[in-house]
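Student: This is the structure I want to talk about, given as structure tokens.
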Amino acid sequence: MELCLDSTSKDINTHWIDTLYEWADVNNVSDLEWIKHDSYLNAGYFKGLPRDKSKLLELEELNLLGCQLTQLPKEIGNLKNLKKLYLLGNQLSALPDEIAQLDKLEELYVAGNRLQKLPKEITKLCKLKLLLLQENSLTTLPQDIGALKSLTTLELGKNKLKSLPCSIGELKNLKKLTLWKNALTTLPKEILSLTSLNELDLLYNKLALTQEHIVWLDTLINNDCALNI
């Protein structure tokens with residue numbers, strides 16, 4: 001009886017893998033393969049979803065660049081060892097809430113998609129250092145975006161943001177912030193707390209800056225921050 005229960009439990013626990021593979025097959029996501037490309041440091045990169053289950057469970061980097069994906073399955077949240085997730089150049093309009101289960105994730109690349117909003121659960125990714133969201137259709141950011149305390153790079157250029165949440169000022173480790181080509185007219189006072197920036201891009205907005213903001217920008221420039229405004 002005990003062996004039977006263990007076997008049943010194993011089937012239940014790995015059922016999500018079969019679901020993930022079915023999704024990959026339907027969306028023409030290949031097995032893990034090496035793509036030669038001279039412009040990359042190692043003359044190429046790995047792309048695809050490994051069909052070997054042991055490799056899948058140990059996967060630290062998943063590259064689904066340009067796979068024309070329109071949705072990401074919730075089972076992606078079971079890839080507990082993921083540190084880097086590349087979703088650039090797809091057609092995603094949303095990310096699953098389960099992405100918050102990737103608690104080892106350090107880098108998330110979702111540039112060049114169709115995102116209109118982010119799941120509020122994304123703010124639980126406490127180890128996230130790099131978040132690339134440029135060239136989407138975001139109109140707002142989660143109010144608790146400041147919970148991403150480890151963030152050093154946040155790229156939001158060419159979206160449809162009209163305002164920024166006050167909690168953005170809590171991103172004390174942020175080194176790079178790009179907000180070019182949005183619909184921003186003001187910046188929250190709390191952004192003045194971002195004093196460690198090395199790069200700030202605010203081009204192609206219609207910002208009305210306060211004197212406090214101007215002093216802050218001058219201070220950043222004096223600290224060798226690369227500023228575009």
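Student: So if I check each of LYS149, LYS175, which one is touching a strand residue (DSSP E or B) at 6+ places or on another chain (Cβ under 8 Å) and over 20 Å from SER93 (Cβ atoms)?
Tutor: On the way: LYS149 fails: touching a strand residue (DSSP E or B) at 6+ places or on another chain (Cβ under 8 Å).
After ruling out the rest, the residue left standing is LYS175.
Student: Next up: Out of ASP31, ASP38, I need the residue that is assigned to a loop (DSSP other than H, G, I, E, B), over 27 Å from LYS160 (Cβ atoms) and modelled with pLDDT under 95. Which one?
Tutor: On the way: ASP31 fails: modelled with pLDDT under 95.
Just one listed residue meets the conditions, ASP38.
Student: Taking the range 74-94 only, how many residues are more than 27 Å from GLY44 (Cα to Cα) and in contact with a Pro (Cβ under 8 Å, 6 or more places away or on another chain)?
Tutor: Residues meeting the conditions: 2.
Student: Can you say whether GLU75 is farther than 21 Å from THR19 by Cβ and touching a residue at least 12 places away in the same chain (Cβ under 8 Å), as far as the supplied structure shows?
Tutor: Values: farther than 21 Å from THR19 by Cβ: no; touching a residue at least 12 places away in the same chain (Cβ under 8 Å): yes.
Against the criterion (farther than 21 Å from THR19 by Cβ and touching a residue at least 12 places away in the same chain (Cβ under 8 Å)), GLU75 does not qualify.
Student: Within the range 25-47, can you find the residues that are in contact (Cβ under 8 Å) with a residue 24 or more places away in the chain and surrounded by 13 or more Cβ atoms within 10 Å (Cβ to Cβ)? Walk me through how you get there before you give the answer.
Tutor: As a first pass, look at the range 25-47 and keep what is in contact (Cβ under 8 Å) with a residue 24 or more places away in the chain: 27-29.
The answer is ASN27, VAL29.
Student: Please go through the range 169-202 and pick out each residue that is β-branched (Val, Ile, Thr) and farther than 13 Å from LEU217 by Cα.
Tutor: THR178, THR185, THR186
Student: Still on this structure, I have one more. For the range 86-98: of the residues being within 10 Å of the chain's Cα centre (by Cα) and surrounded by 20 or more Cβ atoms within 10 Å (Cβ to Cβ), which is nearest to LEU128 (Cα to Cα)? Quick ask: steps written out before the conclusion?
Tutor: Quick first cut of the range 86-98, residues within 10 Å of the chain's Cα centre (by Cα) only: 86-88, 95.
From the residues that got through so far, the ones that are surrounded by 20 or more Cβ atoms within 10 Å (Cβ to Cβ) too are 86-87, 95.
Details: TYR86: 13, LEU87: 15, LEU95: 16 Å.
Only one residue fits best here, namely TYR86.
Student: Condition first: within 21 Å of ILE76 (Cβ to Cβ) and among the hydroxyl-bearing types (Ser, Thr, Tyr). Now tell me which residues in the range 110-159 satisfy that.
Tutor: THR123, SER150
Student: Please pick out the residue among THR185, THR178, THR153 that is loosely packed, with under 14 Cβ neighbours inside 10 Å and among the β-branched types (Val, Ile, Thr). Break it down stepwise before answering.
Tutor: Values: THR178 fails: loosely packed, with under 14 Cβ neighbours inside 10 Å; THR153 fails: loosely packed, with under 14 Cβ neighbours inside 10 Å.
Answer to the selection: THR185.
The values are calculated or read from the model by the stated rules, or taken from the named source; none is laboratory data. Just so you know, these numbers come straight off a predicted model, no measurement behind them. No Cβ is skipped: glycine too gets one built from the backbone with ideal geometry, and neighbour counts run over all protein chains shown.
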